[in-house]
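The values are calculated or read from the model by the stated rules, or taken from the named source; none is laboratory data. Just so we're clear, the structure is a prediction, and the values are computed from it rather than from any experiment. All Cβ positions, even for glycine, are placed from backbone atoms using ideal geometry, and neighbour counts span all protein chains on display. The accessibility values were calculated without ligands, DNA or RNA, using every heavy atom of the protein model including side chains. Shrake-Rupley method; radii C 1.70, N 1.55, O 1.52, S 1.80 Å.
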Amino acid sequence: MDMQASGMLFRRAFGARLRLVLFFALTWLGVAALLAFLLHDGYRAAERKAESDALVAASLLEARLATMLRRVQADLEHLAETFPRDAFKTAAAGDFREQVVRELSLHARNFSEIVGFRVLDTAGSPLYVAGWSMQPAGALDQACLKAPLVGAGRIPYFSDVSVDRLSGRSTMAVALAVPEANTGGSQGVVVALLDVGALARMSDALNLGAGGVVSLARVEDGRLILRRPALPELLNLPAQGDPLHARAVEGSGKGIYRFVSPMDGVERIYGFQRIGDYPLYVATGIATADYLSDWRQTLFMALASAALLFLALSLVLIRLLRAGQEEDLTAGKLVESEARYRMLAENSHDVIWTLDIPSRRYTYVSPSVTDMCGYLPEEVVGEPLEVTLTVESAGRVVREVDQRLRRIAAGDKAAGVVISELEQRCKDGSVIATEVVSSYLLDADGVPQTILGITRNVSERKAAETALRETNRQLHARIEEIGRLQVALQELAVRDSLTGLYNRRYLDETLEREVSRARREGNPLSLVMLDIDHFKKVNDTYGHQVGDEALRMLASTLLADIRAEDVACRYGGEEFLILLPNMPLETAMLRAEAWRSAVEGLCVALGNFRITFTISLGVAAYPEHGKTPDDLTRCADQALYRAKNDGRNRISVFSA
């Protein structure tokens, strides 16, 4: 009871809106705390990775440098052991110079890091030089005399870095003393000149970021041997106030350290490591700005996301507060809305109805059903779906409802609305055509329980549609008849009515087209012009009917012996012209002879008389006789004229 009383007191003290504001505030604080924790964890992870990467890079570079220095030391030791003892005596240097210099040059070629070799006597004077100036190196040669003092002669001596003024090459001498077997002293010094640039290139494969740095320094005083990026002004200078040097010479000689470099003022995490037994150490640094770049992007995105989340939560809160204010107004307007929609349903010209799907019975019918079908609303409410439909429409509706319910159950949202055309039975027994729009209303579980329908009387529209379809049918029939007449008219426009051959108009169009094609494709083309010999005499003697029959028989003979692509035309009166595409002159002459021979055997019956006739033919060809339609026609006509003059009933080929 106390808990219930406390809850009631809390709800009274803090209204619904205040509780909503408190909930959103606590949610935002929780998100901010989680975001801060994740960002801090990401920062530490980035820092640990940078420490690991810097130490791994230093170890990798140390292994490369140590391997290279061991090779150089082994080579120096080999040279010291193999040179004859007398070769270190100044007096005998001339006797051994060729042998020693050749050996030194051979070793210099085997090491890309070595510029050359130099052999000094105990006084620091050069005895033998390979790949190096023969002149005394002054301070460098004197410095190399310290080799016997370094590591009891077992560890090479490393000189300062010198920079050639002309080439800009940085080099460092590595000197090893040659011991005297009897006295334990030194016979001289073997010196190898290292290319510091080659040492620097060993770090090319390291990925330390844009602000990364690689340095090689001496253990004893931190003097800088090389640095990438280069700082030439700091070469050979001892480290002063450099905490990295202090850490490198103490302890195990390996570790990590984070500080702001006094050389360039950039904060980095450094990994450092001593190089084997040599008095050198290597350091690799990753700039804080580089290893935190991804984290800072994450920070920016996180802050932007947090700001957007805060804005979104604020908008949602404002929306919910406004929704609470509008809820009361909505509840008040609901009653008014229901009354308004009932008024619209009761005064609509269309019939509005609802149907209970499980029972398939009407639950509401608007009063306009009386004007449409003659029924009172109460006569329809509670009745089954089929009561106002014809038998055919009722069966179709039942099948449609079952199909729609199955589609809705399968997730087809488009099945929720259907438009149907049904026949309704009126109270007086008449039948009207209606258009029904049905909407399937779903309950909270997504199951259709009610059909909301709107029925409209479309009898007048259906009658108009029927009349329009009949009019369209008649119109299409007339259009088809006009099309047939147009085809026939077009055929008459290009055909000779007596012979059925193409007329001169069609010939002019076709000849132009075929000549252009022959010119474009390079094909031959022939033209044959013919007419009936003494045709006027036949007409005058036997009448025009015999003449017409002779023309028809000639046309039939020509049509029976031409190809599909050939064009036979009645050119005028008793003159005919045959166009022969893709046919050379020789073949055209053979075809013309065949026609002449066939016509010679024809006869026209007139009572007991058998009237025969002959033809004369002129042949011209493209491109031999003409290259235009007019030229070809003129040449064929002249050839025909020559055939007439030569005695008729013959073939003549155009000749100039």
- Out of ALA58, ALA80, ALA63, ALA54, report the one residue that is open to solvent by less than 80 Å² (accessible area, probe 1.4 Å) and without any contact (Cβ under 8 Å) to a residue 60 or more places away in the chain. ALA63
- In the stretch 363-406, what residues are out of contact with any Lys or Arg (no Cβ under 9 Å at 6 or more places or on another chain), part of a strand (DSSP E or B) and farther than 15 Å from LYS427 by Cβ? THR363, TYR364
- Item | From PHE10, PHE23, PHE37, residue being of a type in the set (A, V, I, L, M, F, W, C), modelled with pLDDT under 85, over 30 Å from SER170 (Cα atoms) and under 60 Å from the mean Cα position of the chain (by Cα) | PHE23
- Please specify each residue of the stretch 613-654 satisfying the condition of being among the aromatic types (Phe, Trp, Tyr) and surrounded by 19 or more Cβ atoms within 10 Å (Cβ to Cβ). PHE613, TYR622, PHE654
- Picking from ASP630, ASP637, which residue would you name as being within 25 Å of GLU549 (Cα to Cα) and charged (D, E, K, R)? ASP637
- When the stretch 86-95 is examined, which residues are found to be without any contact (Cβ under 8 Å) to a residue 40 or more places away in the chain and open to solvent by less than 40 Å² (accessible area, probe 1.4 Å)? ALA92, ALA93
- Note on the structure: Condition set farther than 20 Å from HIS107 by Cβ and not in a loop (DSSP other than H, G, I, E, B), scope the stretch 154-178, selection least open to solvent (accessible area, probe 1.4 Å): answer is VAL161
- Query: Any idea which of (1) open to solvent by 10 Å² or more (accessible area, probe 1.4 Å); (2) touching a residue at least 24 places away in the same chain (Cβ under 8 Å); (3) of a type outside the set (Gly, Ala, Ser) is the one LEU525 doesn't satisfy?
  - Reply: (1)
- Query: Can you pull out the residues in the stretch 443-457 that are assigned to a strand (DSSP E or B) and out of contact with any helix residue (DSSP H, G or I) (no Cβ under 8 Å at 6 or more places or on another chain)?
  - Reply: GLN449, THR450, LEU452, GLY453, ILE454, ARG456
- Single residue of the stretch 224-249 satisfying the filter (charged (D, E, K, R) and under 16 Å from LEU65 (Cβ atoms)) that is least open to solvent (accessible area, probe 1.4 Å): ARG227
- Message: Please go through (1) surrounded by fewer than 16 Cβ atoms within 10 Å (Cβ to Cβ); (2) assigned to a loop (DSSP other than H, G, I, E, B) for THR541 and return the number of the only condition it doesn't satisfy.
- Response: (2)
- Task: Give the residues of the stretch 215-269 that are at pLDDT below 85, under 18 Å from LEU60 (Cα atoms) and aliphatic (A, V, I, L, M), sorted by residue number.
- Result: ALA248
- When residues of the stretch 186-216 are limited to those that are without any contact (Cβ under 8 Å) to a residue 40 or more places away in the chain and open to solvent by less than 30 Å² (accessible area, probe 1.4 Å), the one farthest from ALA66 (Cα to Cα): GLY197
- Task: Those residues that are of a type in the set (D, E, K, R) and within 21 Å of VAL538 (Cα to Cα), I need them from the stretch 556-615; list them, please.
- Result: ARG570, GLU574, GLU575, ARG596, GLU600, ARG610
- Task: Quick one: count up the residues across the stretch 250-267 that are open to solvent by less than 20 Å² (accessible area, probe 1.4 Å) and touching a residue at least 60 places away in the same chain (Cβ under 8 Å).
- Result: 1
- Filter the stretch 435-488 down to the residues that are in contact with a strand residue (DSSP E or B) (Cβ under 6 Å, 6 or more places away or on another chain) and of a type in the set (Lys, Arg), then identify the one that is modelled with the lowest pLDDT. LYS462
- Message: Anything in the stretch 605-656 that is in a loop (DSSP other than H, G, I, E, B), in contact with a Ser or Thr (Cβ under 9 Å, 6 or more places away or on another chain) and either basic (Lys, Arg) or closer than 30 Å to ARG519 by Cβ (or both)? List them, or say none.
- Response: HIS625, GLY626, ARG648, ARG650
- Is it the case that the stretch 593-612 has a residue that's loosely packed, with under 15 Cβ neighbours inside 10 Å and among the β-branched types (Val, Ile, Thr)? yes
- From GLU465, GLU480, GLU514, GLU470, grab the single residue that is in contact (Cβ under 8 Å) with a residue 24 or more places away in the chain and either over 14 Å from ARG570 (Cα atoms) or outside any helix (DSSP H, G or I) (or both). GLU514
